[in-house]
Amino acid sequence: KQLPKSSELRHICAHNNWDSNKFVLGGGEDYELLFTSPPKDVTKIAQQFRKADTSVTVIGEITPEAEELFLIRGNGHHVSLRKTEGYDHFK
């Protein structure tokens, strides 16, 4: 799954060799609505958003055994979101 990022953010981070995930996860500037739904409803919800000409991105899942929030990078490494610098949305 991918975190949604604007083309402007991707461009400026690439230009400066910055990790865009640090801005998305810890910047404190919310620009996306985050919500949860049962997995069985994901396709139906995505269809409704398309009808409204609005994008929706599945970014992950909530599992009952999870005791910590973490990001799984493309290479499979787990990164704790509790250690993210910047604004802590969960305090």
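The values are calculated or read from the model by the stated rules, or taken from the named source; none is laboratory data. In this text, all values refer to a predicted model and were calculated from it rather than measured experimentally. FYI the Cβ positions are ideal-geometry reconstructions off the backbone, even for glycines, and counts take in every protein chain you see. We work out accessible area using only protein heavy atoms, side chains counted, and drop any ligands, DNA or RNA first. Shrake-Rupley method; radii C 1.70, N 1.55, O 1.52, S 1.80 Å.
Observations
- Accessible surface of R10, taken over heavy atoms with a 1.4 Å probe and every protein chain present, rounds to 130 Å².
- If R0 is 35 Å, the Cβ-Cβ spacing of E8 and F70 corresponds to a FRET efficiency of close to 0.85.
- In this structure T63 has an accessible area near 40 Å², from a 1.4 Å probe over the protein heavy atoms.
- Placing R0 at 35 angstrom, the Cβ-Cβ distance between T43 and V79 gives a FRET efficiency of 0.75 after rounding to 0.05.
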